[in-house]
Amino acid sequence: MNRWFTFSSVVLGLCFALAGCNPKIGDSCSADSDCSMQGDRVCDQSQPGGYCLKMDCDPDTCPGEAVCVEFLKDIRSERFCMRHCSSDGDCRGKYRCVDPDDVLAQIIDDKPKGDQFCIMDVPK
């Protein structure tokens, strides 16, 4: 076995290993760099354990694990990619799966990957 083959095999293996560890929308974080090395996602540290999200999304532009959610606040709105879910078990601890109507929001994707998303669990 030559040295080039061994080196390229190691580099290729590392690339595949690192690709499997890419942070996803809704993952925990403590800094923006925990969510994306490209700077296209942010860490919302006001959420328990942090919440990786993408701000100002447009319909159908979120990664596969997320939906574009528009939150209605007063006369303005804010849009974020949020992790989609079908039950609380799809969300990490301290988060729950909600219908957009329950939190004054709407999923604005033309082809949504789900009709619910994970959000911080607020005691009732």
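The values are calculated or read from the model by the stated rules, or taken from the named source; none is laboratory data. Just so it is clear, the model here is predicted, and its values are computed rather than measured. Note that we place each Cβ from the backbone using ideal geometry, even for glycine, and neighbour counts take in every protein chain shown.
Just name the residue that is surrounded by the most Cβ atoms within 10 Å (Cβ to Cβ) out of those in segment 72-117 that are β-branched (V, I, T) and without any contact (Cβ under 8 Å) to a residue 24 or more places away in the chain. For segment 72-117, the residue satisfying everything is V98.
Would you mind stating whether C15 is modelled with pLDDT under 95, assigned to a helix (DSSP H, G or I) and out of contact with any Ser or Thr (no Cβ under 7 Å at 6 or more places or on another chain)? Against the criterion (modelled with pLDDT under 95, assigned to a helix (DSSP H, G or I) and out of contact with any Ser or Thr (no Cβ under 7 Å at 6 or more places or on another chain)), C15 qualifies. Cβ separations smaller than 8 Å between residues 6+ apart or across chains give the following pairs from segment 26-43 residues that are loosely packed, with under 12 Cβ neighbours inside 10 Å to residues that are among the hydrophobic types (A, V, I, L, M, F, W, C) and outside any loop (DSSP other than H, G, I, E, B): S30/C43; A31/C43.
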